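Student: I'd like to ask you about the structure that follows.
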Amino acid sequence: MVTIEKYSPIREEEASLLSVLSDQAQFTVSNVPQVVKDLKESEHPHLIIFEGKAVGFFLLDLNYSEKYQFGQHKAIGVRALLVDQKYQGKGIATQAIKALPSYVTEHYPDYEVMQLTVNCRNKAAYACYLKCGFVDSGELYTGGPVGPQNIMQREL
C-alpha cells in the first residue's frame, strides 16, 4: 500500500537516494535534500511511502495561484513529483496521485482544486495524471525550462 507523509529530516538519507531514469531527469528534481533546504515557506515537501520506505517525492505549493497566471483561485500546486527508478512500473505513482485528493482535503482544507503542469514530452506522466482524474485545461504553460507544459487540474 502506498501512503503520503510530510517530509521529515528523519528520512533525509532515504530521500537523498531517490533518482529517476536519465531521460526523466529533465522533468523533475534530482537532489531532494537540496530542494528541501531551498524551499520557501509556502512549499511543503512530501514523501511517497511504499512498504515502509520513501520511494517518491513531491511538493505541495500553497501559493500556486499567486505564482502562475493560470493558477485558479484556491488552487494548490503539485510540483516535482517523482518515483524512484527502482520502483517505477509498479503502480506507485498512480496510487499516490489517487490518494492526493483526500490527503489534500484533510490536511489543506482551504483549497478547492489541485493544479500542475506536465511537460508535453512526458507522455507517461501525462497519461498517469489523466488516469487519476486530472483534466487537461487545453492550455499550455510556456515558462518552464524544458519546453511547453500541459496545464492540468483536479477538483477537490
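Student: Compute the relative contact order of segment 2-155 as a whole-number percentage, counting only Cα pairs closer than 8 Å that sit 6 or more residues apart in sequence.
Tutor: The normalised contact order for segment 2-155 reaches 20 percent.
Student: Using the count of nearby Cβ atoms within 10 Å as a rough guide to exposure, how do Glu13, Glu41 rank from fewest to most?
Tutor: Glu41, Glu13
Student: Per the helix-only calculation at 222 nm, which mean residue ellipticity applies to the chain, given -39500 (n - 2.57) for every DSSP H run of n ≥ 4 and division by its residues, nearest 500 deg cm²/dmol?
Tutor: The per-residue figure over the chain is -7000 deg cm²/dmol.
Student: Through the Karplus equation 6.51 cos²θ - 1.76 cosθ + 1.60, θ set to phi - 60°, convert the phi angles of segment 41-54 into ³J(HN,Hα) values in whole Hz; use x for Gly and Pro.
Tutor: 4, 7, 9, 9, x, 9, 10, 9, 10, 9, 6, x, 10, 6
Student: Based only on other Cβ atoms within 10 Å, what is the fewest-to-most ordering of Met152, Met114?
Tutor: Fewest to most other Cβ atoms nearby, the residues stand as Met152, Met114.
Student: For every other residue with a beta carbon closer than 11 angstrom to the beta carbon of Ala54, add +1 if it is Lys or Arg and -1 if Asp or Glu, then tell me the sum.
Tutor: Net charge around Ala54: -4.
Student: How many Lys pairs in segment 52-136 lie less than 30 angstrom apart by Cα atoms, where the lysines are 8 or more positions apart or on different chains?
Tutor: The result is 20.
Student: Can you compute the charge dipole magnitude of segment 2-155 about its Cα centre, using +1 on each Lys and Arg Cβ and -1 on each Asp and Glu Cβ, nothing else charged? Give it in debye, rounded to the nearest 20.
Tutor: 400 debye
Student: Would you look at the GNM of the chain, springs on alpha carbons closer than 10 Å, and say which of Leu18, Leu59, Leu130 moves the most?
Tutor: Taking springs between Cα atoms under 10 Å, the residue moving most is Leu130.
Student: Next question. Please report the net charge: other residues with Cβ closer than 15 Å to the Cβ of Val36, K and R +1, D and E -1.
Tutor: The answer is -3.
Student: By its C-alpha gyration tensor, with a ≥ b ≥ c as the square roots of the eigenvalues, how is the chain shaped: rounded for a/c under 1.5, else prolate for a/b larger than b/c, else oblate?
Tutor: In terms of gyration-tensor shape, rounded.
Student: Turning to a different aspect of this structure: Using the Cβ atoms and a cut-off under 12 Å, what net charge is assigned to the surroundings of Tyr111, where Lys and Arg are +1 and Asp and Glu are -1?
Tutor: Spelling it out: positives minus negatives among the neighbours equals -3.
Every number in this text was worked out from the coordinates using simple rules, so none of it is lab data. In this text, all values refer to a predicted model and were calculated from it rather than measured experimentally. Every residue, glycine as well, gets a Cβ built from its backbone with ideal geometry; the counts of neighbours run over all protein chains shown.
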